[in-house]
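J.: Questions regarding the structure given below will be posed in turn.
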Amino acid sequence: VDAMKGLILSGGKGTRLYPITYTSAKQLVPIANKPVLFRVIEAIRDAGITDIGIVVGDTAPEIQAAVGDGSRWGVRVQYIRQEAPLGLAHAVKISQGYLGDERFVMFLGDNVIQGGISRLISQFAASDWNCQIVLKEVAEPQHYGVAELDGDGRILRLVEKPREPRSNLALVGIYMFDHHVFEAVNAIRPSWRGELEITDAIQYLVDHGYRVYPYIHKGWWIDTGKPGDMLAANSLVLDEMEHRIEGFVDADSHIEGKVTVEKGAQVINSVIRGPAIIGEASRIVNSYIGPFTSIYHHVVIESSEIEHCIVLENSRLIDLPARLEDSLIGRNVEIVRSPIKPKAYKMTLGDNSRVGLL
């Protein structure tokens, strides 16, 4: 793509994902064993963009340690520090030095979109538009920023979480701009939240006669901000990824459907029903792993049943008395059935954990 840059927003504390994100940036929580942020970098790279700025906040050291200079993806990454979460338009404002006069795509680092953004980028690159925003038809637009279009299919106005939405087209966290956006972000005032809102900046462009067009995305899109969204995105990605078995599966195990067993993983006397993924160096012994489950690296699951879950690294689930479902299990978690009588549950849980027992 002709001199276009990428801007990924990866600040934010991830409060809706506590306690998982107390110790970690939400953009690094894995979907189908790959951090969401890595998926965003790949989507931008696959659209032909190799210069990417990542806006970071409090979790900057962790994001920089995970992503590095971007060379593993064949891109060049620069980090832009946002001293406080002052809004998406503020993130654009502080990135002006990096972006210069070039067109750019801005992508929220916790969004997962089906099918990438190559078509979208080429459409914008071939146009003389000043801005293009990605919209998606949604069932409950009142929870989103909503776009109203005019007769020519241009953006007329944007309303944040309207009580009575004038359309069912929600703003997805992907935007394209040329340098005129800097005029807009420097002109707008903070909202009632104390943030410079990207919707206000786009509205400024519309009101000042700039060409702002929508791209209506037909596939799925998920903002992975909440545990339920994480599980939904995990299910969708598991279902459409290419699966392969690189680890060890013994003769007593049964693998059904779309299953990935990563290198160094071991499956012993177990049943795995896809779509599912077992991470590097994890051990599944005498267990059942049901559909839509992602087991990250160095996890041990023994004599247990689990389905529709994400289990993060270095956790151990041993001899669970009942099937574990619809759960997001963090790092270094141990759920072990106590062998002594009388029967007892033993657990050490992080702040704000939720547990449902039989």
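J.: For ALA65, state whether it is surrounded by fewer than 21 Cβ atoms within 10 Å (Cβ to Cβ) and either touching a residue at least 24 places away in the same chain (Cβ under 8 Å) or out of contact with any strand residue (DSSP E or B) (no Cβ under 7 Å at 6 or more places or on another chain) (or both).
T.: In short, yes.
This table checks each residue for (1) at pLDDT below 95; (2) farther than 24 Å from GLU242 by Cα; (3) open to solvent by less than 20 Å² (accessible area, probe 1.4 Å); (4) assigned to a strand (DSSP E or B).
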position	(1), (2), (3), (4)
GLY6	no, yes, yes, yes
VAL55	no, yes, yes, yes
ASP58	yes, yes, no, no
PRO61	yes, yes, no, no
GLN78	no, yes, no, yes
GLY97	no, yes, no, no
PHE104	no, yes, yes, yes
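J.: Looking only at the range 271-286, count every residue that is open to solvent by 10 Å² or more (accessible area, probe 1.4 Å) and either more than 16 Å from ARG244 (Cα to Cα) or not in a loop (DSSP other than H, G, I, E, B) (or both) and tell me the total.
T.: 5
J.: If I go through the range 308-319 residue by residue, how many of them are touching a strand residue (DSSP E or B) at 6+ places or on another chain (Cβ under 6 Å), assigned to a loop (DSSP other than H, G, I, E, B) and over 18 Å from MET230 (Cβ atoms)?
T.: Count: 1.
J.: Let me ask something else about it. Across the range 248-270, which residue is most open to solvent (accessible area, probe 1.4 Å) among those that are outside any loop (DSSP other than H, G, I, E, B) and polar (S, T, N, Q)? Talk me through it step by step, then tell me what you get.
T.: From the range 248-270, those outside any loop (DSSP other than H, G, I, E, B) are 248-249, 254-256, 259-261, 266-268; that's our starting set.
Next, only the ones that are polar (S, T, N, Q) stay: 260, 266.
Details: THR260: 11, GLN266: 66 Å².
Checked the range 248-270; the qualifying residue most open to solvent (accessible area, probe 1.4 Å) is GLN266.
J.: Here are LEU312, LEU324: which of them is under 27 Å from the mean Cα position of the chain (by Cα) and open to solvent by less than 20 Å² (accessible area, probe 1.4 Å)?
T.: Sole residue among the options that is under 27 Å from the mean Cα position of the chain (by Cα) and open to solvent by less than 20 Å² (accessible area, probe 1.4 Å): LEU312.
The values are calculated or read from the model by the stated rules, or taken from the named source; none is laboratory data. What you see is a predicted model; the values in this text were computed from it and never measured. Don't worry about glycine lacking a Cβ; one is built from the backbone with ideal geometry, like all the others, and counts go over all protein chains shown. Each accessible area value is taken on the protein alone, full model and side chains, heavy atoms only, with ligands, DNA and RNA left out. Shrake-Rupley method; radii C 1.70, N 1.55, O 1.52, S 1.80 Å.
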